[in-house]
Amino acid sequence: MFAETTVMAKFLIIDDHPLFREALHSAVELAYPDSNTQDAASLDEACGYLAKDSGYDLALLDLSIPGVRGMEGLLHLRTHFPRLPVVVVSGNDDPRIVSQVLAYGAAGFVPKSSKKAALADAIQHVMSGAVYVPEDMDDAQTALDDKTQEMIQRVASLTPQQMKVLKMICDGLLNKQIAFELSVGETTVKAHVSEILRKLNVFSRTQAVIEISKLEALGAIEPVLGEAPDDAPKAN
């Protein structure tokens, strides 16, 4: 039984499936009967709402919305709206995915198979300032070793433009080629590369590629650095 609250909370549901948006609405209303909840069927739509209104208390994000691959949606929100807590609600509850979600800064993870009461409990848990993971998934937080978790967090600290440059470095492109692809000056690319090496705590492009390859081998980074669809949200 959930106690009534006088807090006028504001939520953003980001999911392209109307039926599941309705289910999330029901869970939000159970946890916060007087809340104000907005729907978004795409990441672009969600970012439009967030750009106009900074008053949202929590976003509930489906990882598999159209035009977004892997962790791109979560990373985009964490980069552009860092003060907004994000709970990932996903049909993929593989422990490695849950671990990645938490490493990339999500405030919680809830399987889509969860019952309404469990969803409501997760929402209240995160709104209280805690990180939420279902009890039967507690071991997901240790699914990746500390060194891997640290590198994932370093990668997550890159800006969208730095992420693009890192992808091109891993593809073997030279600074001149990267500059051409991004329509920027080579000096700008060099600055990005230097900052990428600093954030990843490596000393060369080769070492950066090796570290990323290790993450790819573990299945911990490929969704982030993989090719995005043509209609993926454009990062500034």
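Within segment 51-72, the residues that satisfy the criterion of being over 14 Å from the mean Cα position of the chain (by Cα), more than 15 Å from V87 (Cβ to Cβ) and not small (G, A, S) are K52, D53, P66. On the stretch given as segment 59-76, residues that are in contact with a Phe, Trp or Tyr (Cβ under 9 Å, 6 or more places away or on another chain) and at pLDDT below 95 total 4.
Identify all residues within segment 72-116 that are farther than 23 Å from L215 by Cα and of a type in the set (S, T, N, Q); write none if there are none. Working first, answer last.
Of all residues in segment 72-116, those farther than 23 Å from L215 by Cα come to 80-87, 89, 110-116.
Correct list: S113, S114.
Please indicate, with yes or no, whether at least one residue in segment 2-11 is within 25 Å of T159 (Cβ to Cβ), more than 11 Å from the chain's Cα centre (by Cα) and touching a residue at least 24 places away in the same chain (Cβ under 8 Å). Steps first, answer last, please.
Keep residues of segment 2-11 that are within 25 Å of T159 (Cβ to Cβ), which gives none.
The answer is no; no qualifying residue exists.
From the list L225, L200, the one residue that fits, being touching a Lys or Arg at 6+ places or on another chain (Cβ under 7 Å), at pLDDT below 75 and aliphatic (A, V, I, L, M), is L225. Just to be sure I understand the filter: pairs with C-beta atoms under 6 Å, separated by 6 or more residues or on different chains, first member in segment 88-99 and more than 20 Å from L77 (Cα to Cα), second member of a type in the set (A, V, I, L, M, F, W, C) and surrounded by 17 or more Cβ atoms within 10 Å (Cβ to Cβ). Which pairs pass? Correct list of pairs: P95/A140; P95/A143; R96/A143.
The values are calculated or read from the model by the stated rules, or taken from the named source; none is laboratory data. Just so it is clear, the structure is predicted and the values come from calculations on it, not from any experiment. We place every Cβ from the backbone using ideal geometry, glycine too, and count neighbours over all the protein chains shown.
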